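Heads up, the thing below is written out as structure tokens.
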Amino acid sequence: MSPDAPVRVVLVDDQDLMRRGLHRLLELEPDIEVVGEAASGEDALAVLDRVEADVALVDARMPGMSGVELIARLTRDRPGVNALLLTTFDEDDFLFGGLRAGARGFLLKDASPETLVAAIRTAARGGTVIDGQVSGRVIARLGDGPDPLSAASPAVLSAREDEVARLVATGASNQEIARTLFVTEGTVKNHVSSALRKLGLRDRTQLALAYARRTP
């Protein structure tokens, strides 16, 4: 994705009214372009065969292929498409399923327009987006299981890896972290990969949640 190019978004929701509202909201943003819409997971895959997209805004609950199933397919087959899962506050199964499937982030459907637009921009840059209320539920659920950070020795991560992981938890992209730390993006990627391997985590979203969990 070119820094000057608009963020290309595909909207996936079985409710026509929701898609129309999101489309009208996003078309007001000069740096965001809606390149496709789909009413189901199957339709979304067909749309993505025809268009190039940076972000897929995916409804969690849809007939047929669920949003979680779609995100799993995108993670496997179209890793360049960063998926954001739209969920309601009581959909824990979808929320945690989305985390396992590789969602770049989570938003509540009642998020403000400003929050939604900012989340799309962050996801397009490769950052992690976790709605404040959603992250609270995720962290609470994580509290019922093993904590990869508390279980590990403080020496598991190097000082630089820990610094990078903390920045990942703020939602910063690799490019932004590289600028902050005065290193290359390749170096940041290496540190993220190393931190994930050492902590037994799968992706940067899980890393961000793990670090959010340790915040008092």
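A few notes on this one:
- The GluC sites (Glu not before Pro) found in the stretch 22-127 that occupy coil by DSSP, while having at most 13 further C-beta atoms within 10 Å, are Glu27, Glu52.
- Loop-located trypsin sites (Lys or Arg not before Pro) in the stretch 155-197, at most 16 other Cβ atoms within 10 Å (DSSP): none
- For the stretch 160-211, the convex hull spanned by the alpha carbon atoms encloses 60 Å³ per residue.
- Between Leu28 and Arg78, the FRET efficiency from the beta-carbon distance, with R0 = 30 Å, is close to 0.65.
- Convex hull (Cα only) mean projected area of the stretch 7-140, reported in nm² to one decimal: 7.1 nm²
- Extended-chain gain in nm, criterion 0.36 nm per residue less alpha-carbon gap, Thr115 and Asp16: 33.5 nm
- FRET efficiency estimate (nearest 0.05) - Cβ-Cβ, Arg202 to Arg160, R0 22 angstrom: 0.55
- A simple spin-label model places pseudo-atoms 7 Å from Cα toward Cβ; at Ala46 and Glu185 they are separated by 3.4 nm.
Throughout, read-outs are computed from the coordinates displayed, never taken from laboratory work. In this text the structure is predicted, and so the values were computed from the model without any measurement. Methodologically, a virtual Cβ is constructed for each residue, glycine included, from the backbone with ideal geometry; neighbour enumeration extends over all protein chains shown.
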